[in-house]
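Asks: This structure is in structure tokens; I'll ask about it shortly.
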Amino acid sequence: MDVSVIGAGYVGLVTAACLADVGNVVMCVDIDSKKIERLKQGEIPIHEPGLDRLVERNAAAGRLRFSTSHDDAVAHATLIFIAVGTPSEKDGSADLSHVIACARELGRRIERDSLIVVKSTVPVGTNDQVRAAVRTELNACGRAAFVTTASNPEFLKEGFAVEDFMKPDRIIIGVDDLQSAETLRQLYAPFNRNRDRLIVMDVRSAEFTKYAANCMLAVRISFMNEMANLADRVGVDIEHVRRGIGSDPRIGPHFLYAGAGFGGSCFPKDLRALEHTAKTNNEPAEMLTAAMQVNARQRRIVASKIIRFFDGTLSGRTVALWGLSFKANTDDMREAPSLAVIEELTALGATVRAYDPVALENARSIIGNNKRVELVSSADAAIEQADVLAVMTEWLEFRSPDFERLKHTLKSGAVFDGRNLYDPAAVRAAGLQYFGVGRG
Ligand SMILES: NC(=O)c1ccc[n+]([C@@H]2O[C@H](COP(=O)([O-])OP(=O)(O)OC[C@H]3O[C@@H](n4cnc5c(N)ncnc54)[C@H](O)[C@@H]3O)[C@@H](O)[C@H]2O)c1
């Protein structure tokens, strides 16, 4: 099929590349001309494992094209995905300006009957707004093209985005008409072979399903973090508890890891947006509010432990920090817990020597002006001259450090394990002090 994808970010680019890889011809459009130029040169603007080969292969085959022009999107296909950002407004609601701007751009150009599929995470009712915006523009231009919309929220995880798209657990399709469902069933057929992963529902339920999924996961993490903080008080190791409860099939083992809080481009903003939806509908959203409150505290937990370790005096201290991205396998720094820790420690006069395998460039654009932060190019360079080590991201290369070396390098001999990566006994056996999250 011919498909256009608007937005070449973490979701749009992966969607475009994966759809091209199964034989579709895809036009990927973004208003960021630098991004599109880089893509045309074969450069991938984000770190996403496997995406470079996919883009290279499909661009070379002519199945994946890039443009900054909505004209090209509309001329290329009558099946058009919107995958642009929906960040938070000040009041917590989802900022739909990019989505609606896209709808208008398309409405001004569409001449053939088309299906617009909203892949961005959007509040209930947004598809109606998209359809209305398109129709207003069509009417203004005096065109009679028939445009329908469908909701197809994306569930990929950054760091595993290609794999998740190629082998989805489920494909949620929200439609108001059978024809749109059939078109999307055909498009997704290559990803839907060994069992039917398509779940077809009405548009509003599909829009809501995405928020409910992310909020459920965020609530689970905050629940475990609350348990971990209590575990710390009562001398319990939350890692034993995690294994104990995760073995219950009603609970399951995923998303039960306590740590330094969640971040990223989705959970925080989606919690805020759903809470806002609840507020505007006069419904309480106590679970969502609590999940956010717990997380706000948790993002500071590593900094709090370090501050306590130094009795509140951080001036002249250097903290080595391993991991800046909000989780492993991505360079995404949006709302990363590392930022909260850096802000708090440097405000108290500490110097932070930080390293991340792929997020240094993005980090520089956010914290490059902070004179107390040194971004360094290796884990070893981060610990040089440092008093203590804080681990903020669960990158593989941090999983099995040489504790003897850490003991000889860290001046104050302490490891703050914000992701519970280490066996406390092994760290202590090397003569280091160990501080995890909820390790008793
Ligand atoms: N990142 C994830 O892991 C993830 C997972 C599932 C769903 N989502 C959702 O998908 C959506 C996109 O997220 P993302 O992380 O890919 O965002 P992103 O910020 O990485 O990419 C968005 C892109 O859209 C472009 N854009 C904005 N307005 C445009 C317009 N009018 N025309 C063309 N391009 C335009 C931007 O330049 C940017 O490149 C969001 O709603 C997000 O909540 C994200």
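Only the coordinates and a few stated rules stand behind these numbers; no lab work does. These numbers come from a predicted model, not from an experiment. All Cβ positions, even for glycine, are placed from backbone atoms using ideal geometry, and neighbour counts span all protein chains on display.
Asks: Can you classify the stretch 180-301 as rounded, prolate or oblate using the Cα gyration tensor, where a ≥ b ≥ c are the square roots of its eigenvalues, rounded means a/c under 1.5, and otherwise it's prolate if a/b beats b/c and oblate if not?
Replies: Judged from the Cα gyration tensor, the stretch 180-301 comes out oblate (a/c at least 1.5, b/c at or above a/b).
Asks: Okay, next question. If you count the DSSP beta bridges with both ends in the chain, what percent of them are antiparallel, to the nearest 5?
Replies: DSSP beta bridges in the chain are roughly 5 percent antiparallel.
Asks: For the chain, what does -39500 (n - 2.57) per DSSP helix run (n ≥ 4), summed and divided by total residues, give at 222 nm, in deg cm²/dmol to the nearest 500?
Replies: Value at 222 nm, helices only, nearest 500: -13500 deg cm²/dmol.
Asks: Let me ask something else about it. May I ask for the net charge around residue 14, where only other residues with Cβ less than 11 Å from the Cβ of residue 14 are counted and Lys, Arg are +1 while Asp, Glu are -1?
Replies: -4
Asks: So, R0 is 35 Å and r is the distance between the beta-carbons of residue 384 and residue 157; what FRET efficiency does that work out to, to 0.05?
Replies: With R0 = 35 Å, the Cβ-Cβ based efficiency is 0.55.
Asks: So for the stretch 1-149, taking the charge dipole from beta-carbon charges (+1 Lys/Arg, -1 Asp/Glu), which of 44, 33, 116 sits furthest toward the positive end?
Replies: 116
Asks: Treating only the Cβ of Lys, Arg, Asp and Glu as charged (+1, +1, -1, -1), what charge dipole size does the stretch 232-364 show about its Cα centre? Round to the nearest 20 debye.
Replies: Computed about the Cα centre, the dipole is about 220 debye.
Asks: Packing-wise, with mean Cβ within 10 Å as the measure, how do 365-372, 425-432, 123-130 rank, highest first?
Replies: 123-130, 425-432, 365-372
Asks: Can you tell me the relative contact order of the stretch 71-164? Whole percent, Cα pairs under 8 Å, sequence separation 6 or more.
Replies: Working: 136 pairs, mean separation 27.3, N = 94.
The value is 29 percent.
Asks: Also: When DSSP beta bridges are limited to those with both residues in the stretch 104-219, what percentage is antiparallel, rounded to the nearest 5?
Replies: Roughly 10 percent of the beta bridges in the stretch 104-219 run antiparallel, per DSSP.
Asks: Please compute the contact order of the stretch 292-430 in relative form: average sequence separation of alpha-carbon pairs under 8 Å and at least six residues apart, divided by the residue count, as a percent.
Replies: Value for the stretch 292-430: 26 percent.
Asks: Mind putting a number on the dipole of the stretch 1-76 about its Cα centre? Charges go on the C-beta only, +1 for Lys and Arg and -1 for Asp and Glu, and I need it in Debye to the nearest 20. Write down the numbers at each step before the final one.
Replies: Working: 8 positive and 11 negative charges, 27 e Å.
For the stretch 1-76, the charge dipole is close to 120 debye.
Asks: Continuing with this model, one more query. Quote the relative contact order of the chain in percent (integer), defining contacts as alpha-carbon pairs under 8 Å separated by 6+ residues.
Replies: Relative contact order comes out at 12 percent.
Asks: Placing +1 at every Lys and Arg Cβ and -1 at every Asp and Glu Cβ, with all other atoms neutral, what dipole size does the chain have around its Cα centre, in debye to the nearest 20?
Replies: Around 420 debye, computed over the chain.
Asks: In addition: Going by the alpha-carbon gyration tensor, a ≥ b ≥ c the square roots of its eigenvalues, is the stretch 25-106 rounded (a/c under 1.5) or, if a/c is not under 1.5, prolate (a/b greater than b/c) versus oblate?
Replies: oblate
Asks: By how many nm would the segment from residue 251 to residue 182 grow when fully extended, if each residue of separation counts as 0.36 nm and the alpha-carbon distance is taken off?
Replies: Contour length minus the Cα-Cα distance gives 21.3 nm.
Asks: Need the full-extension length gain, residue 57 to residue 234, defined as separation in residues times 0.36 nm minus the C-alpha distance. One decimal, nm.
Replies: 58.2 nm
Asks: Classify the stretch 289-358 from the C-alpha gyration tensor, please: rounded if a/c falls under 1.5, else prolate or oblate depending on whether a/b exceeds b/c.
Replies: Oblate shape, in that a/c is at least 1.5 and b/c is the bigger or equal ratio.
Asks: Pull out the extension gain between residue 2 and residue 243, defined as 0.36 nm times the separation in residues minus the alpha carbon to alpha carbon distance; nm, one decimal.
Replies: Values: separation 241, 0.36 × 241 = 86.76 nm, distance 4.70 nm.
Working it through step by step, the gained length comes to 82.1 nm.
Asks: Here is a further query. Considering only 18, 432, 323, whose Cα is most displaced toward the positive end of the charge dipole of the chain, charges sitting on Cβ of Lys, Arg (+1) and Asp, Glu (-1)?
Replies: Result: 432.
Asks: Shifting gears a bit: Which order do the peptides 255-265, 408-418, 313-323 take when ranked by the mean count of other beta-carbon atoms within 10 Å per residue, highest first?
Replies: Going by the mean number of other Cβ atoms within 10 Å, highest first, we get 255-265, 313-323, 408-418.
Asks: Hey, another quick one. Take the Cα of residue 167, step 7 Å along the line toward its Cβ, and report every residue of the stretch 186-211 whose backbone nitrogen sits under 17 Å from that point.
Replies: 190-198, by backbone N distance to the label point.
Asks: Additional query: In nm, to one decimal, how far is the residue 43 label point from the residue 404 one, both placed 7 Å along Cα→Cβ?
Replies: 4.3
Asks: As I understand it, the dipole of the chain uses +1 on the Cβ of Lys and Arg and -1 on the Cβ of Asp and Glu, about the Cα centre. Which of 413, 153, 302 lies farthest toward its positive end?
Replies: Final value for the positive-end residue is 413.
Asks: What's the ranking of 357-364, 296-303, 182-189 by average number of surrounding C-beta atoms within 10 Å, highest first?
Replies: Descending packing order for the listed peptides: 296-303, 357-364, 182-189.
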